[in-house]
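K.L.:
Structure below; questions to follow.
Please treat every number below as a calculation from the coordinates, not as lab data. All values derive from a computational prediction rather than experimental measurement. No Cβ is skipped: glycine too gets one built from the backbone with ideal geometry, and neighbour counts run over all protein chains shown.
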2 protein chains.
Amino acid sequence: MVYNFFYYICDRRNYNLIQTKQMNNFVFQNPTKIVFGKGTIAQLSELLYKGEKIMMTYGGGSIKKNGVYDQVKKALEGFTVIEFGGIEPNPDFDTLMKAVDICRKEGVGFLLAVGGGSVIDGTKFIAAAVEYQGDEWEILTKKQIPNDCLPLASVLTMPATGSEMNSNAVISRRATKEKFDFGSPKVYPVFSILDPEVVYSIPKRQKANGLADSFIHVIEQYLTDDINTPIQDRWAEGVMKTIVETAPKVLVDRPDYDSCANYMWAATCALNFFISPGVNQDWSTHMIGHELTALCGLDHGVTLAIVLPGTMKVMREPKKAKIIMLGKNVFNITAGTDDEIVDKTIDATEKFFQSLGIKTLLSDYNIGDDVINEIVRRFRERGAVLGEHGIVTYDHVEKILRSRLA
Amino acid sequence: MVYNFFYYICDRRNYNLIQTKQMNNFVFQNPTKIVFGKGTIAQLSELLYKGEKIMMTYGGGSIKKNGVYDQVKKALEGFTVIEFGGIEPNPDFDTLMKAVDICRKEGVGFLLAVGGGSVIDGTKFIAAAVEYQGDEWEILTKKQIPNDCLPLASVLTMPATGSEMNSNAVISRRATKEKFDFGSPKVYPVFSILDPEVVYSIPKRQKANGLADSFIHVIEQYLTDDINTPIQDRWAEGVMKTIVETAPKVLVDRPDYDSCANYMWAATCALNFFISPGVNQDWSTHMIGHELTALCGLDHGVTLAIVLPGTMKVMREPKKAKIIMLGKNVFNITAGTDDEIVDKTIDATEKFFQSLGIKTLLSDYNIGDDVINEIVRRFRERGAVLGEHGIVTYDHVEKILRSRLA
């Protein structure tokens, strides 16, 4: 079997063994159909097969206030639909297992996620768990994916995670304060509907998180070593520039359609693997951030905005060429020595998160040494190596987190 | 039925009715699996299904000199393979119909194109024609695609057309001096193998054509009107910058692996629809160029390099904002008034083609008024409208071609 790009994310330990100074060999395939634009939710009825029993999954009910629920229900007239609401942010294993039980009992044949990344990620887990023989938590801990997963699709209501066009999912387990990801080509959405008008009613805090999350998805696939991959680099920069330039227009109370559309497409392109074929990837900021969410309940986007400036400072030497490239091509920082450009770029990155209204220090959230110690303990216990080529050790994790204390 | 992006290319007349000043609604789906890198041809045996009778198509035999034929045959040991060689540049309807006959008689179940754009395009036509009921030329003239097309895959030997990762094909008919395109999601390659090492032995003239062709594929999807699509624009610029910067390193006798890899990925990304969702598209330079090939036998890349500077000059007003964007972001032209930047950008574009060793005037090829008159007559007879929003009339076509006389 050829290795597939999703292993870059879900199996970092193998991935990290690959050392290269030129474009890596890669396999790329992303089969998801994107239906993008105004009024596209009505096309659901043409995209779905009648005859299958559909489970429609959603979150805490915001879709009932912003009109999306009504649009979906109207498009699904004549279909057999079981609703499963209440999937929480950082979707919980125990919640999702209730949906799995219903799918098994009712013979559900297709899953339709109506929501943001948490709902879509949770639905990917349901798709894999329904047919899993054994303890379903192993899908996360042992990366065991059954051969048959239920097909799924999505109506995206919150641009942020890219889950609508990728094969990854992150699942939490509140009972044990754990948070893990898994990925498999079997859980790509068959299609995803992206109507930028859903952005109008998203609360500012969620938009800020989505902008930070999308930006850092790109960073994880870009800010490693420079191995002469100009297309991937220019594309990554194009997504980041768009996020930085669009952010102020998206954060106003009722943003214009153009800004919503560009933000929405940016968030998808930030993690649909278009920018990552053949490049080295990091993901240490995400791994550390996941622990902050699991232990302290912080929003995912917030944890990334806290951790990333630390990752850039502590890993500045191996990432130097790319930090300078980021500064020049995204933040227009060209004056000064290389070291000065690095300093200014790290500063500009942190200031961008602050411009979204996100506080970027652990002390802003009353998080201190005890949490840092627990996170380092967990990574040590798991024997985890993080970052491109496994260069981020638990010593680095500790330094990164301590640099974010105050 | 939702409209699909391939209609942008294969059905310009409908497409041109869409007028917009913001990102268009779009449907995107590209299912082709790309297997990219050194030594990947050997993976053929894992990618193909045993049991199907495979037709292996190729061109004039260069693959027998550069080692690709041997690599493919070795990987296909144990498979049932019928060879069909001799597909010419600008693949001919009559040649391809011979392959169609063999497929029907032998019950071929899978097509493997080993070659460049002409071989892959020709193989797409074979895939569609085998099951076509009626005059197979109607696939081109009436855009009639049968419901069942044979599945196909490719081993790319010449980066240029992007056919290895798109759903389009251009077919010629020497008997009537015609050249038409067609497109359908049914003819996406199932997979394509891209080993950059095949570039080492490509003759300089072919590499020059491939670089020009790829550059102008991007131009056709970029140089229209500015409708606030920053990701698509930055990505288009990223591909063009990579082509411009890599070209001199690719044109040397035995280029380095990095340059070959970046050139190869650029040519694929130039026309795999990653840069085009929601943007307006032109394709008038291609339509005019096709006629020059059909009537005078010029290389495809050469015809585009001749026509494009004329298109930019004659359509400079509606394309002004994007020509300036091209100048600034690809050729680093920032000084001067807007009109001066436009002039310099058109000049830089033509000089880029000349730097590849391509002569860019009709007089360089002894082509004069008679050919221009025939091309204009053909467009008039077909009632064709060209360009974004149908803004390129036959009067414009005449002006464009006359501007390229000397």
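K.L.:
Consider a paramagnetic label point 7 Å from the Cα of residue B:204 along Cα→Cβ; state which residues of region B:334-365 have an amide N under 11 Å from it.
P.N.:
Zone members listed by number: B:356-358.
K.L.:
In addition: Rg(Cα) of region A:56-207 divided by 2.2 N^0.38 Å?
P.N.:
0.98
K.L.:
Residue B:296 label points, 7 Å along Cα→Cβ, one per copy: pairwise distances from this copy to the rest in nm, shortest first?
P.N.:
Distances between equivalent label points, in nm: 6.9.
K.L.:
Relative contact order of region B:33-198: what whole-number percent is it, with Cα pairs under 8 angstrom and at least 6 residues apart?
P.N.:
Relative contact order here is 28 percent.
K.L.:
How big is the dipole moment of chain A about its Cα centre under a simple scheme where the beta carbon of each Lys and Arg is +1, that of each Asp and Glu is -1, and everything else is neutral? Debye, nearest 20, please.
P.N.:
160
K.L.:
Now a separate question. Apply the Karplus curve 6.51 cos²θ - 1.76 cosθ + 1.60, θ = phi - 60°, to the phi angles in region B:288-296 and return the couplings in whole Hz, x for Gly and Pro.
P.N.:
5, x, 4, 5, 5, 5, 4, 8, 10
K.L.:
Same structure, new question: Sequence gap of 8 or more, or different chains, plus Cα separation below 21 Å: how many lysine pairs satisfy both in region B:237-365?
P.N.:
For region B:237-365, qualifying lysine pairs total 26.
K.L.:
Quick one: A:27, B:307, fewest Cβ neighbours within 10 Å first, how do they rank?
P.N.:
A:27, B:307
K.L.:
Here is a follow-up. How many nm separate the modelled label positions at residue A:83 and residue A:135, each set 7 Å beyond the Cα in the direction of the Cβ?
P.N.:
For residue A:83 paired with residue A:135, the spin-label model returns 3.6 nm.
K.L.:
Under the definition of Cα pairs under 8 Å and six or more residues apart, what whole-number percent is the relative contact order of region B:203-402?
P.N.:
Relative contact order, region B:203-402: 26 percent.
K.L.:
Give the distance, in whole Å, between the Cα centre of region A:392-406 and the Cα centre of region A:51-68.
P.N.:
Centre-to-centre (Cα) distance: 40 Å.
K.L.:
Taking R0 as 41 Å, what's the FRET efficiency between residue A:148 and residue A:42 from their Cβ-Cβ distance, rounded to 0.05?
P.N.:
E between residue A:148 and residue A:42, to the nearest 0.05, is 0.85.
K.L.:
If you don't mind, there's one more thing I want to ask. What angle, in degrees between 0 and 90 and rounded to the nearest 10, separates the Cα long axis of helix B:257-269 from the longest principal axis of the Cα atoms of chain B?
P.N.:
The answer is roughly 80 degrees.
K.L.:
When DSSP beta bridges are limited to those with both residues in the protein assembly as shown, what percentage is antiparallel, rounded to the nearest 5?
P.N.:
If we restrict to bridges inside the protein assembly as shown, about 30 percent are antiparallel.
K.L.:
If we restrict to alpha carbons, what Rg and Dmax does the protein assembly as shown come to, in Å?
P.N.:
Radius of gyration, then largest Cα-Cα span, for the protein assembly as shown: 26.6, 84 Å.
K.L.:
Could you list A:235, A:283 in order of exposure, starting from the residue whose Cβ has the fewest other Cβ atoms within 10 Å?
P.N.:
A:283, A:235
K.L.:
At q = 0.07, 0.09, 0.13 Å⁻¹, what log₁₀ I(q)/I(0) does a Debye calculation on the Cα points of chain B give, no solvent, two decimals?
P.N.:
Computed log10 I(q)/I(0) values: -0.30, -0.51, -1.10.
K.L.:
Let me ask something additional. Return one quarter of the surface area of the convex hull spanned by the alpha-carbon atoms of region B:221-310, equal to its mean projected area, in nm².
P.N.:
Orientation-averaged projected area of the Cα hull: 6.8 nm².
K.L.:
For residue A:83, which inter-copy label distances result when the label point lies 7 Å beyond Cα on the Cα-to-Cβ vector, reported in nm to one decimal and in ascending order?
P.N.:
So the label point of residue A:83 gives 6.5 nm to the other copies.
K.L.:
State, as an integer percentage, the relative contact order of chain A based on alpha-carbon contacts under 8 Å between residues 6 or more apart.
P.N.:
17
K.L.:
Semi-axes of region A:248-406's equivalent ellipsoid from the Cα gyration tensor, sqrt of 5 times each eigenvalue, largest first, rounded to whole Å?
P.N.:
They are 26, 20, 17 Å, listed from largest to smallest.
K.L.:
As a footprinting exposure proxy, order A:394, B:257 by other Cβ within 10 Å, with the fewest listed first.
P.N.:
B:257, A:394
K.L.:
Moving on. Please compute the modelled spin-label separation between residue A:106 and residue B:53, points set 7 Å along Cα→Cβ, answer in nm with one decimal.
P.N.:
Inter-label distance under the simple model: 4.9 nm.
K.L.:
Another question about this same structure. Which one, B:76, B:221, B:290, projects farthest toward the positive side of the charge dipole computed for chain B from Cβ point charges (K/R +1, D/E -1)?
P.N.:
B:76
K.L.:
Something else now. Rounded to the nearest 10 degrees, what's the angle between the helix B:338-355 long axis and the longest principal axis of chain B, both from Cα atoms, 0 to 90?
P.N.:
Once rounded, one gets 40 degrees.
K.L.:
Along Cα→Cβ at 7 Å, what distances in nm separate the residue A:339 label point from those on the other copies, shortest first?
P.N.:
Ordered by distance, the counterparts are at 5.1 nm.
K.L.:
Okay, moving on. What is the distance, in nm, between label points placed 7 Å from the Cα along the Cα-to-Cβ direction at residue B:337 and at residue B:95?
P.N.:
That separation, rounded to one decimal, is 5.1 nm.
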